[in-house]
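Each remark here refers to the structure printed beneath this line.
The values are calculated or read from the model by the stated rules, or taken from the named source; none is laboratory data. Just so it is clear, the structure is predicted and the values come from calculations on it, not from any experiment. As a convention, Cβ positions derive from the backbone with ideal geometry for all residues, glycine included, and neighbour counts pool all protein chains shown. Just the protein is used for accessible areas: all its heavy atoms, side chains included, with ligands, DNA and RNA removed. Shrake-Rupley method; radii C 1.70, N 1.55, O 1.52, S 1.80 Å.
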Amino acid sequence: MELMVLLNALVTRLLFVLHSLIGVWRVTAVKKEPKYWLLALLNLLLCLETGLTLKFKQGRGYKWFSPAIFLYLICTVPSLWLLEIHHGTQYCGKEPGAVQVNVSNQDFNQSRDSSHGSEGMDHHIIQTAKVFVNQLSTICETVWTLALHQTFLLLLVVGRWLLPIGVEITRDQLSQLLLMFVGTAADILEFASETLDIEDVRKNYALINAILAVWTWSMLQFPLDLAVQHIGCKPSGSAGRIPSLLLCRYSAELWNIWVSLFIQDGPFFIVRSILMGHFRIFNQMLVFFTAKNILVVTLQLYRLAVIMLDFRATILQKSRKGEVCCCPCEPYEARTHATSHHNNEIKELVAFPPEEESQAPSEDH
């Protein structure tokens, strides 16, 4: 096992665990109940995955799916749910917060002076750490929640970058995937922060749960790598069927369309439409991002239509030559003697009249 692969695998998962523990700490501090520390036990799943990955995959990733990212979601999402639900009792007063920070700074200076005068360096470090934690505790809870949301999405992108890649994905594909994740993370953060900050939404407990459920559903695209990988065609007889050819040739494009329609932009549009149509909640940003979701969904449907027309034209062209094309990642496989069943499928798909070419010259006379 390479040293860098081992180091990246361990450091990335350590960052995941630390961030998850910070979220659990904030939940315990807000709820003021020690039982919420039990959420930290979810990190045992991430530790187990680390051991299995190092043993069976030598630290490298899997094809199409990242268990480390998925388990990081499991460890962190419950804490963010509890913080958002508890958000209604969190208030940020500017003056009290400033007073608390000033007191903490004074305590820090006193501890530093006393440590220089009578205590050793170890005691000074411990006192400094305690004062630093006290200063963090004075930060407004709503600021903490937003910061956890932001760092959560940043760690998903950076962590996916640092995690060792498997042999099935190239670095070019990884760079494309990371660029997609950056835009996706920005949209998800905007959706959560913009909708949950509406005062009327905060008064409706069921609506908060619905928004958080859609937010959680949108996060499930991060462990998957299907957006940049094509499904390879198998040389079996079933690979020649029309649905299999469509899937293996345009699998990455179809996955991106499916994600936009059913995981991200589609659900976001439904939630925002309900807010405006049923609950009569209107503001400038809500209207703008609703229009943006409509535009993205429309463009994705247009893209789907273009793919189907291109696939139809390709099948038509190959059927004239007696060939069958497959994935763009594999060479075309010519089959000069196609079966009659496959030819009937192609004719049904393209709806091409067989006598059209022979009738064309007769119309001129």
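For the stretch 230-323, with the dipole built from +1 on Lys and Arg beta-carbon atoms and -1 on Asp and Glu ones, taken about the Cα centre, which of ILE274, LEU301, SER244 lies farthest toward the positive end?
Most positive-ward Cα: SER244.
Using a probe radius of 1.4 Å on heavy atoms only, what accessible surface per residue do you get for the stretch 230-323? Whole Å² is fine. Provide the component values of the computation, followed by the final result.
On the way: 5190 Å² over 94 residues.
Dividing the accessible area of the stretch 230-323 by its residue count gives 55 Å².
Work out from phi, with θ = phi - 60° and the Karplus expression 6.51 cos²θ - 1.76 cosθ + 1.60, the ³J(HN,Hα) of each residue of the stretch 188-196, listed in order in whole Hz, and give x for Gly and Pro.
5, 5, 5, 4, 5, 6, 6, 7, 6
Give the ranking of LEU261, LEU301, LEU309 by solvent-accessible surface, highest area first, calculated with a 1.4 Å probe.
Numbers: LEU261 35, LEU301 90, LEU309 115 Å².
Reading off the accessible areas and sorting them downward yields LEU309, LEU301, LEU261.
By accessible area of protein heavy atoms, probe 1.4 Å, what ranking do LYS292, LYS63 get, highest first?
Details: LYS292 55, LYS63 100 Å².
The ordering from most to least exposed comes out as LYS63, LYS292.
Which value, in Å² and to the nearest 10, is the accessible area of TRP217 when all protein chains are kept and the probe is 1.4 Å?
110 Å²
Going toward the positive end of the dipole of the stretch 230-323, with +1 on Lys and Arg Cβ and -1 on Asp and Glu Cβ, which of GLN284, ILE257, LEU316 do you reach last?
Of the listed residues, the answer is LEU316.
Step through the residues of the stretch 39-56 one at a time and calculate ³J(HN,Hα) from phi using the Karplus curve (6.51 cos²θ - 1.76 cosθ + 1.60, θ = phi - 60°), rounding each to whole Hz and writing x for Gly and Pro.
Coupling constants for the stretch 39-56: 4, 5, 5, 4, 5, 4, 5, 5, 5, 5, 5, 4, x, 5, 5, 5, 7, 9 Hz.
Could you go through the stretch 244-261 in sequence order and give the Karplus-derived ³J(HN,Hα) for each residue, using 6.51 cos²θ - 1.76 cosθ + 1.60 with θ = phi - 60°, rounded to whole Hz, and x for Gly and Pro?
5, 5, 5, 5, 6, 7, 10, 4, 5, 5, 5, 5, 4, 5, 5, 4, 5, 6
Keeping the other protein chains in place, figure out the carbon and sulfur percent of the accessible area of the stretch 168-223, with a 1.4 Å probe. List each step's numbers first, then the result.
Numbers: 1520 of 2480 Å².
In the stretch 168-223, the share of accessible area belonging to carbon and sulfur is 61 percent.
With all protein chains present, how much of the accessible area of the stretch 230-323 (probe radius 1.4 Å) comes from carbon and sulfur, to the nearest whole percent?
Values: 3530 of 5190 Å².
Ligands and nucleic acids excluded, carbon and sulfur give 68 percent.
Quick one: which residues, 5 or more positions from PHE65 or on another chain, have an amide H under 5 Å from its amide H? H modelled 1.01 Å from N in the peptide plane, none for Pro or chain starts.
ASP225
Any idea what the dipole of the stretch 230-323 comes to, in debye rounded to 20, about its Cα centre with Lys/Arg Cβ at +1 and Asp/Glu Cβ at -1? Don't jump to the answer; show the numbers that get you there.
On the way: 11 positive and 4 negative charges, 50 e Å.
With only Lys, Arg, Asp and Glu charged at Cβ, the dipole is about 240 debye.
Output the pairs from LYS63/LYS203; LYS203/LYS292; LYS35/LYS203; LYS32/LYS203 with a Cα-Cα distance over 32 Å in this structure; if there are none, say none.
Details: LYS63/LYS203 44 Å; LYS203/LYS292 26 Å; LYS35/LYS203 27 Å; LYS32/LYS203 23 Å.
Cα-Cα > 32 Å for LYS63/LYS203; rest within.
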